[in-house]
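Beneath this line is the structure, given in structure tokens, with notes to follow.
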Amino acid sequence: MNQTYKFKPSLFQRKKNSFEYEQSLQKVIRFQIIPRLLSSHLKVCSRHVGNSYQSGLKITGFEISEFINLCIADDEQLSRDYIKRLISYGISTDQIFLELITPTARLLGEKWDEDLLDFTQVTHGLVRLHSITHDIGFEYQDGPTQAGEVRRLLIASSPGSKHFLGPNIVANFFRKIGWQVILEVSITSQELIHAVENEWFDLIGISVSIHEQLTTLGQLVDDMKKGSRNPNTKVMLGGPIFMIEEHAATEFGADAICTDVKKTFEIATSILT
């Protein structure tokens with residue numbers, strides 16, 4: 001009788017893999033997510049810097065310290081409420097970007113380097129900073145707006161997720177074969193739609209973790225295709241849920257579902273031709 005045996009990796013191998021994944025994620029955060037976050041602030045603020053300090057109020061180290069603690073707290077609404085209070089006191093949005101969000105993003109990276117914050121805390125903090133930039137009208141807008149020689153891929157987790165691991169593995173795979181890949185950290189559908197409205201992407205990849213996220217997935221795919229700067233953009237789905245549930249891509253208006261990283265390029269090429 002034939003049997004299939006599955007061997008668990010050794011403890012050493014699991015630790016080695018975990019270390020390699022975290023190192024890879026650190027590079028994504030340090031060299032992609034934080035720079036894009038800060039670039040969006042400075043680009044927009046530079047157009048309004050003359051109005052930044054009309055209130056005469058200043059954001060101090062105390063406010064930054066309070067804000068960073070709220071960004072890594074379990075309740076994500078706390079950081080949003082804090083921003084609303086600052087605005088109600090007369091602090092301008094320009095000041096919030098230049099004097100609060102920018103130093104907070106950099107401080108998150110420094111605290112991670114010094115082992116004062118762990119990866120989960122830094123991830124949550126950056127996701128919330130990214131979301132707040134959308135809440136008060138600032139976005140990254142420096143990406144290409146038309147097709148180029150290099151194909152571009154946007155990879156994002158379905159709204160409600162706060163994980164980078166799976167999407168980052170896929171992102172690294174495509175980078176190695178010459179694609180330009182953006183790993184999006186948005187936590188709402190609207191933020192993802194803004195991302196594809198602002199930049200040209202040949203392909204969108206969405207990672208779905210749990211069954212509950214499937215209920216809104218079709219609408220998300222439809223909205224992203226309609227809003228995409230590329231009128232012919234394709235959508236490929238993946239993630240843990242498709243490994244345990246059988247679904248067709250057409251159920252969600254997508255072009256393909258892939259659960260094997262090794263086959264993603266083959267599938268992506270087939271749906272783009």
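Here is a list of conditions, (1) surrounded by fewer than 21 Cβ atoms within 10 Å (Cβ to Cβ); (2) in contact with a Gly (Cβ under 6 Å, 6 or more places away or on another chain); (3) not aromatic (Phe, Trp, Tyr), and Asn230 meets all of them except one; can you say which number that is?
Every condition holds for Asn230 apart from (2).
Under the condition of being touching a residue at least 60 places away in the same chain (Cβ under 8 Å) and within 15 Å of the chain's Cα centre (by Cα), which residue from the stretch 174-228 is nearest to His134 (Cα to Cα)? Talk me through it step by step, then tell me what you get.
We begin by selecting, within the stretch 174-228, every residue touching a residue at least 60 places away in the same chain (Cβ under 8 Å); these are 174, 177, 182-183, 185, 187, 191, 194, 202-203, 220.
Now drop any that are not within 15 Å of the chain's Cα centre (by Cα), which leaves 182-183, 185, 187, 191, 194.
Details: Ile182: 17, Leu183: 17, Val185: 12, Ile187: 11, Glu191: 7, His194: 9 Å.
Among those that are touching a residue at least 60 places away in the same chain (Cβ under 8 Å) and within 15 Å of the chain's Cα centre (by Cα), it is Glu191.
Which one is nearest to Ile72 (Cα to Cα), of the residues in the stretch 110-123 that are of a type outside the set (Phe, Trp, Tyr) and within 16 Å of the chain's Cα centre (by Cα)? Full working, then the answer.
So in the stretch 110-123, the residues of a type outside the set (Phe, Trp, Tyr) come out as 110-111, 113-118, 120-123.
Then drop every residue that is not within 16 Å of the chain's Cα centre (by Cα), which leaves 120-123.
Details: Thr120: 9, Gln121: 5, Val122: 7, Thr123: 8 Å.
Result: Gln121.
Please work out which one of (1) modelled with pLDDT of 95 or more; (2) surrounded by fewer than 20 Cβ atoms within 10 Å (Cβ to Cβ) is the condition Ala254 fails and give its number.
It fails just one condition, (2).
For the stretch 168-178, how many residues are at pLDDT 85 or above and either surrounded by 18 or more Cβ atoms within 10 Å (Cβ to Cβ) or in a helix (DSSP H, G or I) (or both)?
Within the stretch 168-178, the subset at pLDDT 85 or above is 170, 173-178.
From the residues that got through so far, the ones that are either surrounded by 18 or more Cβ atoms within 10 Å (Cβ to Cβ) or in a helix (DSSP H, G or I) (or both) too are 170, 173-176.
So the count comes out to 5.
So, of the residues in the stretch 56-98 that are of a type in the set (A, V, I, L, M) and more than 17 Å from Leu108 (Cβ to Cβ), which turns out to be modelled with the lowest pLDDT?
First, the residues of the stretch 56-98 that are of a type in the set (A, V, I, L, M): 57, 59, 64, 68, 70, 72-73, 78, 83, 86-87, 91, 96, 98.
So of that shortlist, the ones also more than 17 Å from Leu108 (Cβ to Cβ) come out as 57, 86-87, 91.
Working: Leu57: 75, Leu86: 90, Ile87: 88, Ile91: 88.
Checking each candidate, the answer is Leu57.
Checking the structure you have, find out if any residue of the stretch 31-54 is surrounded by 20 or more Cβ atoms within 10 Å (Cβ to Cβ), part of a helix (DSSP H, G or I) and at pLDDT 90 or above.
There is no residue in the stretch 31-54 that is surrounded by 20 or more Cβ atoms within 10 Å (Cβ to Cβ), part of a helix (DSSP H, G or I) and at pLDDT 90 or above.
For the stretch 208-259, which residues satisfy the criterion of being closer than 16 Å to Gly166 by Cβ, part of a strand (DSSP E or B) and of a type outside the set (A, V, I, L, M)?
Scanning the stretch 208-259 gives a single hit, Gly238.
Let me confirm something: among Leu214, Leu192, Leu165, Leu237, which residue is out of contact with any Lys or Arg (no Cβ under 8 Å at 6 or more places or on another chain) and at pLDDT 95 or above? Walk me through it before giving the result.
Working: Leu214 fails: at pLDDT 95 or above; Leu192 fails: at pLDDT 95 or above; Leu165 fails: at pLDDT 95 or above.
Step by step, each of Leu214, Leu192, Leu165, Leu237 is checked, and only Leu237 is out of contact with any Lys or Arg (no Cβ under 8 Å at 6 or more places or on another chain) and at pLDDT 95 or above.
The values are calculated or read from the model by the stated rules, or taken from the named source; none is laboratory data. Treat the numbers as computed from the prediction; the structure is a model and nothing was measured. Cβ: placed from backbone, ideal geometry, glycine included. Neighbour counts: every protein chain shown.
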